[in-house]
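Below you'll find the structure, written out as structure tokens, and then a few comments.
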Amino acid sequence: MNPSNVLRNVARATRRPSVAAVPRQRLLATGLRLSGWRTVTTTSEVADKPGAAPAKKEVKFTADSYPNIQRGSQFSKLTAEDIAYFESICPIVSTEKGATQDDLESFNTDWMRKYRGQTTLVVKPKTTEDVSNILKYCNERKLAVVPQGGNTGLVGGSVPVFDEIVINMSAMNNVRSFDAVSGILTCDAGVILENADSYLRERGFIFPLDLGAKGSCHVGGNVATNAGGLRLLRYGSLHGTVLGVEAVLPDGTILDDLSLLRKNNTGYDLKQLFIGSEGTIGIITAISIVCPQRPKSQNVALLLVESFEKVQETFVKTKEQLSEILSAFEMMDINSQRLVRQVTGKSHPLKGEAPFYVLIETSGSNAEHDDEKVGALLQNLMEDEIILDGTMAESEAQVRELWTWREGVPEALGHWGGVYKYDVSIPLSELYLLVEDVRAKMSSLGLLSTPENPDNVVVDVVGYGHMGDSNLHLNIPVRGFDKRVEKALEPFVYEWIQKRRGSISAEHGLGVAKSEFVGYSRGPTELAVMQRIKNMFDPNEIMNPYKYIKA
Amino acid sequence: MSALRILVPIKRVLDYAIKPRIAASGKAIDLTGQKMSLNPFDELSIEASVRLREEHKTRIEDILAFSAGPQKSQDALRTAMAMGADRGLLVDTATTELEPLAVAKILKRVVEKEKSNLVILGKQSIDDDAGQTGQMLAGLLGWGQATQAADIKLEGDTVTVVKEVDGGTETVKGKLPMVVTTDLRLNEPRYASLPNIMKAKKKKLEQIPLKDYGEGLEGRLEVLQLVEPPPRQGGGKVADVSGMISKLKELGAL
């Protein structure tokens, strides 16, 4: 996701003392795991002219892209006294204090370079009390705020729209406690997911959540957005694994619900409200979460499948035969694999091509038992002609390499300058139909690139995702954001999903991108109750305004 | 033009992505429950031999994957066979640790029995980092050798090898029989496909106990101790540019 990932992965790959003895291309392959176009030389296969690669264009202000959003008239503007007050609490980045727009750029802009706010102040609290003091002050002064974690979100939820103060949580990054008997971790919200995971791994556990942005995203942000990720199939959603939350309410009250209990039927389960609330009712400052044992044995297989029907058959057989050791079942279409290959210049582990690719991961405690199960499954899948071909990782390096063909997809798609992303839940049988329908629509409108018209704005229409959770990522990489594409996509995609009673946001949240479409997945009664909850917590509406739900 | 019988010696080692831990004895790496894989250099050797077959077809009579190690080394041999080796041979060493000279002596006997005329092996295994077996084998056999291969070409009975040397490459030419050790840039090893993994299960894997290889294999060295590399010193932060300059001066960098 960002360069720190690259460094971290190289660091991990180089931990072995005899690193000089390791094949360099493998090291490189590992290092490039998530680095995407920033570090990889491009091979031009389709219509990718040199220089057509994403230029460092100015990102459009969100306020300009969404002209119907107006700055809340109730909000105050920052004064010199305000800034002096914040500076007395914790480190700040402020234009009043000599910071330039460039210094603020990374706090104002999301990593996809799609949303851009106009804040002039970032505060970096170090303790829960700091957060409390900041919010209490902002609430009294009616200053709007945006809580910000690793800023890896996909819907513009973690950057300002106008001049909201960014409350960046990166300075709150300590593990508070870990109980090796129960496996319960308590840590600050600003701990980076991968750091939490490494901390746990050293102690024989893992974080129950894993996702592509792990090198940058914060666990607090993960909880605030109810992130799903790659292992949800196995370990369940954060609504189950998070045991407690410490949060600061907009008036500065510290809500200490940092429970260490798995069972606690004593009144309303308040922490659940914060999970997935996207910073609209308070700021999560710490979490406690129950962590599973680190699997002793892991297997990864990549399979080649000729149709979506066969992908479903593969899924059924896989669940049947792997049951408790299955930890991921990911589907990628051929377009996604071709684009990754094109952008990274790597050769695909599988020789042939077919419309679908499936990645299966198992996590268990007994390598022999797991190997036998996976071996038997793959043999059955081949013999019954459900899959066409496949391969299995024989080493850790291969495990990581096979995963890059799934985890590297989002980054590769960003190569052409922009991606329209939809993260949706659809009943399994029709999961991929959405991609086909959107592709047909783009094609009929003449927007899709073809061999004859290789410069059309839509590079491709791509589908991949967490098949195990009926969660599809529909991605449309484009050569630049374009009104015609937007008109073709919306409300078409949302209506399509509404017809099938799917969800317009499975795991990415609402943010700015989907707030006005929430009605496609939620009824007016539900939305009205949500609005009452919001008003109860945040009557001045200072928390992450202009986003989430629009009643 | 002689038919080619290729011998590919391989070793099962601690997976290179895993951080090695020193056992309580302080004299060995703790391997219990750790992920073991094929030595990365050996993947290159297997790939190289399979590519020779793809290029020279019927001239390659046999590709034999060999390993001397515990029973579990069968996994490594099956991987080699899934990648394209024809059969496997395991010398079961049980718990005995072999030094490079002992391995070279065993390999010499295998070469003689199997009538191998090309041995392709990794330039070193990443566990002991000895980097001796290939050279010793060539010496014992009295064959030519080309080490650190970045490219292998076969024309008639002539083998041309591009070697990695400091600051560039060196190209050498020799006649069969020959020993070649492989280096990083030689190739990009393939992934074994599922059909091939299954076929590999049915390929012949012969096992011979170590004692059948006779005397003279005992070790000559004793491991006194293993020590972890010193932990990296954490970096420090300087407040401003002048702080940085004075720090650099202090360190003698300016």
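The values are calculated or read from the model by the stated rules, or taken from the named source; none is laboratory data. Predicted model only: the values in this text are computed from it and were never measured. Every residue, glycine among them, receives a Cβ derived from its backbone with ideal geometry; neighbour counts consider all protein chains shown.
Quick look at the numbers
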read-out: Matching option when the condition is over 24 Å from the mean Cα position of the chain (by Cα) and among the hydrophobic types (A, V, I, L, M, F, W, C), among A:Ile533, A:Ile476; value: A:Ile533
read-out: Hey, A:Ser170 surrounded by fewer than 24 Cβ atoms within 10 Å (Cβ to Cβ) and under 20 Å from the mean Cα position of the chain (by Cα) or not; value: yes
read-out: Residue within the range B:46-68 that is within 19 Å of the chain's Cα centre (by Cα), buried (at least 24 other Cβ atoms within 10 Å of the Cβ), within 13 Å of chain A (Cβ to nearest Cβ) and not aliphatic (A, V, I, L, M) present; value: no
read-out: Flag if A:Val435 is part of a helix (DSSP H, G or I), buried (at least 20 other Cβ atoms within 10 Å of the Cβ) and not small (Gly, Ala, Ser); value: yes
read-out: Residues satisfying the stated conditions in the range A:422-432, i.e. buried (at least 21 other Cβ atoms within 10 Å of the Cβ) and either over 26 Å from the mean Cα position of the chain (by Cα) or not in a loop (DSSP other than H, G, I, E, B) (or both); value: A:Tyr422, A:Asp423, A:Val424, A:Ser425
read-out: Any hit, the range A:281-303, residues being touching a Phe, Trp or Tyr at 6+ places or on another chain (Cβ under 9 Å), within 14 Å of chain B (Cβ to nearest Cβ), surrounded by 20 or more Cβ atoms within 10 Å (Cβ to Cβ) and under 22 Å from A:Leu428 (Cα atoms); value: yes
read-out: Residue in the range A:198-207 that is aromatic (Phe, Trp, Tyr), over 13 Å from the mean Cα position of the chain (by Cα) and assigned to a strand (DSSP E or B) present; value: yes
read-out: Single residue of the range B:1-30 satisfying the filter (assigned to a loop (DSSP other than H, G, I, E, B), over 14 Å from the mean Cα position of the chain (by Cα) and within 14 Å of B:Ile126 (Cα to Cα)) that is modelled with the highest pLDDT; value: B:Pro20
read-out: Inter-residue pairs, beta-carbon under 9 Å, first more than 26 Å from A:Arg501 (Cα to Cα) and in the range A:468-489, second of a type in the set (S, T, N, Q) and part of a loop (DSSP other than H, G, I, E, B), 6+ apart; value: A:Arg479/A:Ser449; A:Arg479/A:Asn456
read-out: Flag if A:Ile542 is among the hydrophobic types (A, V, I, L, M, F, W, C), under 22 Å from A:Tyr115 (Cβ atoms), in the same structural domain as A:Val159 (by TED's automatic domain parsing) and crowded, with 19+ Cβ neighbours inside 10 Å; value: yes
read-out: The range B:180-232, subset β-branched (Val, Ile, Thr) and more than 9 Å from chain A (Cβ to nearest Cβ), residue surrounded by the most Cβ atoms within 10 Å (Cβ to Cβ); value: B:Thr182
read-out: Answer residue from the range A:518-546, given it is assigned to a helix (DSSP H, G or I) and touching a residue at least 40 places away in the same chain (Cβ under 8 Å) and is nearest to A:Lys421 (Cα to Cα) among those; value: A:Lys534
read-out: The range B:169-192 residues that are free of Cβ contacts under 8 Å to residues at least 24 places away in the same chain, paired with ones that are among the hydroxyl-bearing types (Ser, Thr, Tyr) (beta carbon under 9 Å, 6 or more apart); value: B:Thr171/B:Thr160; B:Lys173/B:Thr158; B:Lys173/B:Thr160; B:Tyr191/A:Thr391
read-out: Flag for B:Leu217 being part of a loop (DSSP other than H, G, I, E, B), touching a strand residue (DSSP E or B) at 6+ places or on another chain (Cβ under 6 Å), of a type in the set (A, V, I, L, M) and within 28 Å of B:Ser67 (Cα to Cα); value: no
read-out: Hits in the range B:175-190 (condition: closer than 13 Å to B:Ala149 by Cα and part of a strand (DSSP E or B)); value: B:Met178, B:Val179, B:Val180, B:Thr181, B:Thr182
read-out: Out of A:Lys346, A:Lys351, sole residue that is more than 8 Å from every other protein chain (Cβ to nearest Cβ), in a loop (DSSP other than H, G, I, E, B) and closer than 30 Å to A:Ser449 by Cα; value: A:Lys346
read-out: Residue within the range B:137-155 that is touching a strand residue (DSSP E or B) at 6+ places or on another chain (Cβ under 7 Å), among the charged types (D, E, K, R) and modelled with pLDDT of 95 or more present; value: yes
read-out: The range A:354-365 - residue that is of a type in the set (Gly, Ala, Ser) and either more than 14 Å from every other protein chain (Cβ to nearest Cβ) or part of a strand (DSSP E or B) (or both) and, of those, farthest from A:Ser470 (Cα to Cα); value: A:Gly364
read-out: Selected residue (criterion: farthest from A:Gly417 (Cα to Cα)) from residues of the range A:490-501 that are touching a residue at least 40 places away in the same chain (Cβ under 8 Å) and touching a helix residue (DSSP H, G or I) at 6+ places or on another chain (Cβ under 8 Å); value: A:Arg500
read-out: Failed item, numbered, when B:Leu98 is tested on (1) closer than 17 Å to B:Leu121 by Cα; (2) at pLDDT 95 or above; value: (2)
read-out: Among (1) closer than 19 Å to A:Glu313 by Cβ; (2) touching a residue at least 60 places away in the same chain (Cβ under 8 Å); (3) charged (D, E, K, R); (4) more than 14 Å from chain B (Cβ to nearest Cβ), the one test that A:Lys373 misses; value: (2)
read-out: Of the criteria (1) within 20 Å of the chain's Cα centre (by Cα); (2) without any contact (Cβ under 8 Å) to a residue 12 or more places away in the chain, which one A:Leu230 fails; value: (2)
read-out: Residue check for A:Ser395: of a type in the set (Ser, Thr, Tyr), farther than 23 Å from A:Met112 by Cβ and surrounded by fewer than 23 Cβ atoms within 10 Å (Cβ to Cβ); value: yes
read-out: Long-range neighbours under 8 Å by Cβ, at least six apart or interchain, first residue basic (Lys, Arg) within the range B:117-137, second assigned to a helix (DSSP H, G or I); value: B:Lys123/B:Phe41; B:Lys123/B:Gly134
read-out: Residue match in the range B:34-41 (condition: within 14 Å of chain A (Cβ to nearest Cβ) and part of a helix (DSSP H, G or I)); value: yes
read-out: Residue within the range A:510-517 that is under 24 Å from the mean Cα position of the chain (by Cα), on the phi > 0 side of the Ramachandran plot and either among the basic types (Lys, Arg) or part of a loop (DSSP other than H, G, I, E, B) (or both) present; value: yes
read-out: Conditions (1) touching a Pro at 6+ places or on another chain (Cβ under 9 Å); (2) more than 14 Å from every other protein chain (Cβ to nearest Cβ); (3) under 24 Å from A:Glu330 (Cβ atoms): number failed by A:Val438; value: (1)
read-out: Odd one out for A:Leu270, checked against (1) surrounded by fewer than 15 Cβ atoms within 10 Å (Cβ to Cβ); (2) closer than 30 Å to A:Tyr464 by Cβ; value: (2)
